[in-house]
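The values are calculated or read from the model by the stated rules, or taken from the named source; none is laboratory data. These figures come from a predicted structure and were not determined experimentally. Virtual Cβ from ideal backbone geometry, glycine too; neighbours counted across all protein chains shown. Accessible surface areas use protein heavy atoms only, side chains included; no ligands, DNA or RNA. Shrake-Rupley method; radii C 1.70, N 1.55, O 1.52, S 1.80 Å.
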Amino acid sequence: MDNTIYYVLLLLLGGLASTIPVYMCLFFTGVLGMAVFAATSMPFDVQSMLLVQGFYRSMDKFALVVVLFFILCGNIMTSGSIVDKLIKTAKAVVGIGGFMIPALIAEGYDEDYTVGVMTAAPILGIIIPPSISMILYSMITNDSLAALFMTGFVPGVLIMVSFCVYTYFVCRRSGFKLVKPPSFRELLAVLRESFWALMLPVIIFGGIFSGAFTANEAAVVACVYAFIVELFIHKDMGFRDVKKVVVS
């Protein structure tokens, strides 16, 4: 028994190091480990019952469905034009030419500075909701997902402001090219064009914090809203593209 745990662990590490998918490695090593450890202390029918109960408890997690719906919402946004409109709005308001390293370098930003910013900034995706990490944490600890979302705003805003202050002084000191701020008319035109895209987070968080729907239901609402916007308002996605977006 003492050596068996090492064999199971080696099997898991060997599977992870090979081309076997992670979920299959976890599944087969989990079943093997449970069968080996239970074989010495309980009959086979009890083992089978515990195995089925373990599978059911693992799948009976509504938060896993929430993660899938938020991922689907992201696919809808990237397949349509919601993300493009949000980037265009950020460029007009903040003055950054893009959210990817090649785009920033093309705008004249230093390569080391660009890589540093793009390495540090993704932490905001974990802290500022909706965060998949918060959803999984809520599932494991049974904490309120809405409360976790609320606690992420203040630290996220503080980190964002710190990045902005740091970027301001670095750009002034390094002499990076300054982007001419848009006029009020240009800014209004960009906001009008991106109105439906900007309403997505408003609907999600407004619905959660007003009690109109739960944080879990917000993922489904976000998907339905994104589909409606892309299919009937922006019209950048056809009904034939729905299957491809959902499957991917």
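A few remarks follow.
- Debye log10 I(q)/I(0) at q = 0.12, 0.15 Å⁻¹ for the chain, Cα point scatterers: -0.93, -1.21
- Note on the chain: with a GNM built from Cα contacts shorter than 10 Å, the maximum mean-square fluctuation among CYS164, CYS25, CYS73 falls on CYS25.
- Candidates PRO201, LEU12, PHE28 compared by Cα position along the dipole of the chain: farthest toward the positive end lies PRO201, with charges placed on Cβ.
- In this label model, LYS180 and LYS235 are separated by 3.3 nm, measuring between points 7 Å along each Cα→Cβ vector.
- In the chain, taking the dipole from charged Cβ atoms about the Cα centre, the farthest positive-side position among LEU191, ILE132, TYR166 is held by LEU191.
- Per residue, the convex hull spanned by the Cα atoms of the stretch 121-209 amounts to 124 cubic angstrom.
- Each of the trypsin sites (Lys or Arg not before Pro) that DSSP puts in a loop and that has at most 14 other Cβ atoms within 10 Å breaks the chain; the longest unbroken stretch is 62-176.
- Potential lengthening of the chain between ASP84 and MET118 amounts to 10.4 nm, from the contour at 0.36 nm per residue minus the alpha-carbon distance.
- Per-residue SASA remark: SER79, around 60 Å² accessible (1.4 Å probe; ligands, DNA and RNA not included).
- For the chain: accessible area per residue (Å², 1.4 Å): 65
- To put it simply, the accessible area of the chain at a 1.4 Å probe is 70 percent carbon and sulfur.
- For VAL65 and VAL170, the difference between the fully extended length at 0.36 nm per residue and the C-alpha to C-alpha distance is 33.5 nm.
- Distance between the pseudo-spin-label points of ALA189 and ILE20 (7 Å out from Cα toward the beta carbon): 5.9 nm.
- Most fluctuating residue given options VAL165, VAL31, VAL220, as computed from a GNM of the chain linking Cα atoms under 10 Å: VAL31
- Fully extended contour minus Cα-Cα distance, from VAL36 to THR4, at 0.36 nm per residue: 10.7 nm
- Choice from GLY14, GLY152, GLY125 with maximal GNM fluctuation in the chain (Cα, 10 Å cutoff): GLY14
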